[in-house]
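What follows is one structure encoded as structure tokens, with my remarks underneath.
The values are calculated or read from the model by the stated rules, or taken from the named source; none is laboratory data. Since this is a predicted model, take the numbers as computed values, not measurements. Positions of Cβ are backbone-derived with ideal geometry, glycine not excepted, and every protein chain shown enters the neighbour counts.
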Amino acid sequence: MKKILRLTAQTADRHRLYEDSVQNVDFEVEFFDRVFRRAFGRRANFLREDFCGTAQLGCRWVRSGPDRVALGVDLHGPTLAWGRRRNVAPLGAAAVRMRLLQDDVRNVRAPRADIVAATNFSWWTFKTHDALLVYLRNAYRSLRREGLLILDIFGGPEAQVAQEEARPCDGFTYVWDQDSFNPISHDYRCHIHFRFPDGSQMRRAFTYDWRLWSLPETRELLQRAGFADSVVYWEGADRSGEPNGVFRPGKRGDASPAWVAYIVAARRA
Ligand SMILES: C[S@@+](CC[C@H](N)C(=O)[O-])C[C@H]1O[C@@H](n2cnc3c(N)ncnc32)[C@H](O)[C@@H]1O
């Protein structure tokens, strides 16, 4: 705790800050488990984490059972190296079940996985229908005959507003900066900044150059890519109308100002 309180822009590690503020890998492993069982009535064992960054999710998957293996794919060597040191090595003997590959996610097809996951909206890096289709078709071919592609997505009118949103975390503040949105092209530029109790800041610790995709157009592209079906897991609300962290299959969402959802697309043959 003392160490956390001493964080400053000079001493903090941006990957650690990112993992602590953005990712919730315990939730995601449990969620992936649940949706795979629901789709195929059995346990998944091989997860491919696309755009894996530090591979925190893949490592959590490997920890969730001795039968479980993961492959993480990312273009960026230094981020993979960080993940190898900080997430894979601590797995000990189980590290042999976590493989990292430095490559473009559109190039990797083998070995085939039960689940391919692209989380934290990383797939928004593909900005045209053609580019996204190449990725989705490749993901389809990367799945076993029974397999799931899991994508997360956010939206709602607030997603299109240029704004900064600060959220306190342990020992620092996470700031989500929706820097610019172009309604004609849906080009979307966002940053993550971190602020520290001593007043120092890490500006633009991460920058994203994305297209803001919608649920219906993404699902249409999934169908064109060969997926038998896609299910939207929509987040429920508590009594006061706040999101409750429970995602269930839904056909009709509430038109809230901001929402996050998962698309679960199935390969069935
Ligand atoms: C937003 S981070 C995602 C980190 C992590 N998956 C998560 O859920 O938080 C995006 C990552 O995608 C990687 N990336 C971008 N384009 C890629 C591509 N075409 N193939 C593989 N990795 C890519 C970047 O190097 C970066 O590490």
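Quick check on this structure: which one of L133, L143 is under 26 Å from G226 (Cβ atoms), touching a residue at least 60 places away in the same chain (Cβ under 8 Å), surrounded by fewer than 16 Cβ atoms within 10 Å (Cβ to Cβ) and under 19 Å from the mean Cα position of the chain (by Cα)? One residue alone meets the criteria, L133. The set of residues in the stretch 247-269 that are hydrophobic (A, V, I, L, M, F, W, C) and either closer than 20 Å to T218 by Cα or modelled with pLDDT of 95 or more (or both) comprises F247, A255, A258, W259, V260, A261, I263, V264, A265, A266. Tally up the residues in the stretch 34-62 that are touching a residue at least 40 places away in the same chain (Cβ under 8 Å) and among the β-branched types (V, I, T), please. Qualifying residue count for the region: 1.
In the stretch 32-63, what count of residues is obtained for those that are away from the ligand (no atom under 13 Å from the Cβ) and under 15 Å from the mean Cα position of the chain (by Cα)?
From the stretch 32-63, those away from the ligand (no atom under 13 Å from the Cβ) are 33-46, 62-63; that's our starting set.
Keeping just the survivors that are under 15 Å from the mean Cα position of the chain (by Cα) gives none.
So the count comes out to 0.
Determine if the stretch 230-244 includes at least one residue that is closer than 13 Å to L136 by Cα and either part of a helix (DSSP H, G or I) or without any contact (Cβ under 8 Å) to a residue 60 or more places away in the chain (or both). Full working, then the answer.
Within the stretch 230-244, the first condition is being closer than 13 Å to L136 by Cα, and the residues that meet it are 230.
Okay, now just the ones that are also either part of a helix (DSSP H, G or I) or without any contact (Cβ under 8 Å) to a residue 60 or more places away in the chain (or both), so 230.
Yes, that holds for at least one residue.
Output the number of residues of the stretch 201-229 satisfying the condition of being at pLDDT 95 or above and assigned to a loop (DSSP other than H, G, I, E, B). Please lay out each step first, then the result.
At the first step, the residues of the stretch 201-229 found to be at pLDDT 95 or above are 201-227, 229.
Okay, now just the ones that are also assigned to a loop (DSSP other than H, G, I, E, B), so 212-214, 225-227.
Residues meeting the conditions: 6.
Select the helices (runs of 4 or more DSSP H) contained entirely in the stretch 1-58, then report the ones holding at least 2 residues which are buried (at least 22 other Cβ atoms within 10 Å of the Cβ). Before the answer, list the steps.
On the way: elements: 2-5, 14-21, 25-40.
It comes to 25-40.
Of the residues making up the stretch 67-79, those that are surrounded by fewer than 23 Cβ atoms within 10 Å (Cβ to Cβ) and within 12 Å of the ligand (Cβ to nearest atom) number 6. Taking the conditions (1) out of contact with any helix residue (DSSP H, G or I) (no Cβ under 7 Å at 6 or more places or on another chain); (2) away from the ligand (no atom under 16 Å from the Cβ) in turn, D177 satisfies each one other than (2). Against the list (1) within 22 Å of Q23 (Cβ to Cβ); (2) out of contact with any helix residue (DSSP H, G or I) (no Cβ under 8 Å at 6 or more places or on another chain); (3) away from the ligand (no atom under 14 Å from the Cβ), the condition N120 fails is (3).
Each row is one residue, and each column tells you yes or no for (1) farther than 20 Å from V22 by Cα; (2) more than 10 Å from the ligand (Cβ to nearest atom); (3) assigned by TED's automatic domain parsing to the domain that holds P183.
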{"position": "G65", "(1), (2), (3)": "yes, yes, no"}
{"position": "A81", "(1), (2), (3)": "no, yes, no"}
{"position": "V105", "(1), (2), (3)": "yes, no, no"}
{"position": "D114", "(1), (2), (3)": "yes, yes, no"}
{"position": "T128", "(1), (2), (3)": "yes, yes, no"}
{"position": "Y135", "(1), (2), (3)": "yes, no, no"}
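For the stretch 250-258, state whether one or more residues are in the same structural domain as R141 (by TED's automatic domain parsing), among the charged types (D, E, K, R) and assigned to a strand (DSSP E or B).
Residues of the stretch 250-258 in the same structural domain as R141 (by TED's automatic domain parsing): 250-258.
From what is left, the residues that are among the charged types (D, E, K, R) are 251-252, 254.
Within this subset, residues satisfying the condition of being assigned to a strand (DSSP E or B) are none.
Among the residues of the stretch 250-258, not one is in the same structural domain as R141 (by TED's automatic domain parsing), among the charged types (D, E, K, R) and assigned to a strand (DSSP E or B), which makes the answer no.
In the stretch 196-205, is there at least one residue being in the same structural domain as A261 (by TED's automatic domain parsing), more than 24 Å from G253 (Cβ to Cβ), away from the ligand (no atom under 16 Å from the Cβ) and surrounded by fewer than 17 Cβ atoms within 10 Å (Cβ to Cβ)?
Just the residues of the stretch 196-205 that are in the same structural domain as A261 (by TED's automatic domain parsing), to begin with: none.
No, because not a single residue in the stretch 196-205 is in the same structural domain as A261 (by TED's automatic domain parsing), more than 24 Å from G253 (Cβ to Cβ), away from the ligand (no atom under 16 Å from the Cβ) and surrounded by fewer than 17 Cβ atoms within 10 Å (Cβ to Cβ).
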